Amino acid sequence: MATQTETSATVSTSEKTLHQQKALEEFIARYTQRTKTSKQLAQTYRPVLADNKNLGEFNPVFKELYYPIVGKRSLGSRIWDVDDNEYIDVMMGLGINLFGHNPPFIKEALLEQLDKGIQVGLQSELAGEVAELICQLTGMERVAFSNTGTEAVMTAIRLARAATGRTKIALFSGSYHGHFDGTLVKAQRVDGNLRVVPLAPGVPPHTVNDVLVLDYGNPQSFETIKEYKQELAAVLVVPVQTSRPALQPKTFLHQLRQLTQDLGITLIFDEMVTGFRIHPGGAQAYFGIEADIATYGKIVGGGMPIGIIAGKAVYMDAIDGGMWNYGDSSYPQATKTFFAGTFCKHPLAMAAARAVLKHLKTQGSALQEQLNQRTSQFVETLNTFFEANQVPLRLANFGSLFGSAAIENPSSAENSAASGSMGLFRYQLLSRGVHLLGASGYLSTAHTDEDIDYIIQAVKDSIGELR
């Protein structure tokens, strides 16, 4: 027979669960009413639109909330959805909009190009100038253009393999290098042994034969690189990962640069997020490291699709055969590899990129320094609140990128539990007009002090309601 204390505890727990369920149901009703058109569009077009643009992984508990917010317009730090709800945006196009949405200097450049037409197939008249500006800001020798970050990384790896004659590459756990098979791998324990396996169904098992997955920031990774030195064409690294912005291993990166240089292995910096954000010269300039090849995108495209491969001429010459001149006996002498793309150097992308690069060059490093400082202060304010209120959250930032301060990759069980909690937290923020969907967020030069104060208050109110 249960004691009176045990019975009371059971009743108390039951009441608490019922209270939580009722609170969740009430929130779902409010949220879905607020964003009803977004939900309606998701249901209407699901039969024909295969789309994974949702808030995290599917969770039966949040099934009625599982649809993307559909955008209608944007300006500065704000976006509006199809129900005319207004949000302060801290996703900023997954890191694209360093200057906010639809900044006038980019809009003017795009309108000017639209008046001239979209001449795909011809050489863009801006391509050379854009390449020159990139070289000036990053210190790289030559530049090629693709359409996406995935394409840029694919090309960088191909150039490294062409130059070295080797096939294997090494990358680090926790990094993301696009969605092509060659980097969609992960380290996993199989029968007690750590092995590299495909990240998702449909990735051919044989692709893992040419990829090593190393522990980022761990000096033990250097021993693996040495072991495979005769086979490694490149080491591919995201200097600071969006999932772990607190991990900023400067000494490790310097040692990695020295080791790859000594062993004749190509060092590729994937600067899709860090490029032009932390410093005009990207993470290379910030950490004082010169990579052999670097890939860029996001910010430099000004909202237009773009991928950039930049690097030393000895690698980049495989795109076109290298330097030669008219009027003499010179000719392209480098062995070429394959590179193509119908929309590479798209006129609109070139126009937006030139506007962005000229703006960055004019503003100088003060633009990033001021924004970095404001983001650090924003993160510090929230962390002070979390600590004072015993909230199990801590943030870190790398420049204007911010996210979890955790350095270790969580286990799948921990990740699942955290995902559910953070999912509901982000829905709370959305209901309060703060647009944050992923594990990380970004501040832009368009965010005002009032915007930041509003975000901080929305975080506090969301946590209060969750409790």
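The values are calculated or read from the model by the stated rules, or taken from the named source; none is laboratory data. Here the structure is a predicted model, which is why all the values come from computation and not from measurement. Positions of Cβ are backbone-derived with ideal geometry, glycine not excepted, and every protein chain shown enters the neighbour counts.
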With the first residue restricted to the stretch 28-42 and required to be aliphatic (A, V, I, L, M), and the second required to be surrounded by fewer than 16 Cβ atoms within 10 Å (Cβ to Cβ), Cβ contacts under 8 Å at 6 or more apart or on different chains are 28/64
Scan the stretch 114-135 for residues that are over 28 Å from the mean Cα position of the chain (by Cα), at negative phi and not β-branched (Val, Ile, Thr) and jot them down.
-> 114, 115, 116, 119, 122, 123, 125
Test result for residue 271, among the charged types (D, E, K, R), surrounded by 24 or more Cβ atoms within 10 Å (Cβ to Cβ) and free of Cβ contacts under 8 Å to residues at least 40 places away in the same chain | yes
Can you spot a residue in the stretch 64-72 that is in a strand (DSSP E or B) and not assigned by TED's automatic domain parsing to the domain that holds residue 305?
-> yes
Looking at 276, 287, 252, which is the one that is in the same structural domain as residue 145 (by TED's automatic domain parsing), within 14 Å of the chain's Cα centre (by Cα) and among the aromatic types (Phe, Trp, Tyr)?
-> 276
What pairs can you find where one residue is in the stretch 374-396 and outside the structural domain of residue 462 (by TED's automatic domain parsing), the other is among the β-branched types (Val, Ile, Thr), and their Cβ atoms are less than 9 Å apart, with a gap of 6+ or different chains?
-> none
So residue 15 clears everything in (1) of a type outside the set (A, V, I, L, M); (2) modelled with pLDDT of 95 or more; (3) within 18 Å of residue 467 (Cβ to Cβ) except one condition, right? Which one?
-> (2)
Kindly provide the set of residues from the stretch 304-339 that are assigned to a helix (DSSP H, G or I) and either surrounded by 20 or more Cβ atoms within 10 Å (Cβ to Cβ) or touching a helix residue (DSSP H, G or I) at 6+ places or on another chain (Cβ under 9 Å) (or both), ordered by number.
-> 314, 315, 316, 317, 318, 319
Confirm whether residue 226 is farther than 24 Å from residue 91 by Cα and basic (Lys, Arg).
-> yes
Looking across the stretch 99-148 at residues that are surrounded by 13 or more Cβ atoms within 10 Å (Cβ to Cβ) and of a type in the set (S, T, N, Q), the single one that is nearest to residue 77 (Cα to Cα) is 102
Hits in the stretch 286-303 - residues which are more than 23 Å from residue 92 (Cα to Cα), part of a helix (DSSP H, G or I) and among the β-branched types (Val, Ile, Thr) | none
From the set of residues in the stretch 22-64 that are surrounded by 12 or more Cβ atoms within 10 Å (Cβ to Cβ) and aliphatic (A, V, I, L, M), which is nearest to residue 426 (Cα to Cα)?
-> 55
Only residues that are under 22 Å from residue 296 (Cβ atoms), among the aliphatic types (A, V, I, L, M) and more than 20 Å from the chain's Cα centre (by Cα): list them for the stretch 53-107, please.
-> 106
Kindly list the number of the only condition in (1) touching a helix residue (DSSP H, G or I) at 6+ places or on another chain (Cβ under 9 Å); (2) free of Cβ contacts under 8 Å to residues at least 60 places away in the same chain; (3) part of a helix (DSSP H, G or I); (4) under 24 Å from residue 285 (Cβ atoms) that fails for residue 178.
-> (3)
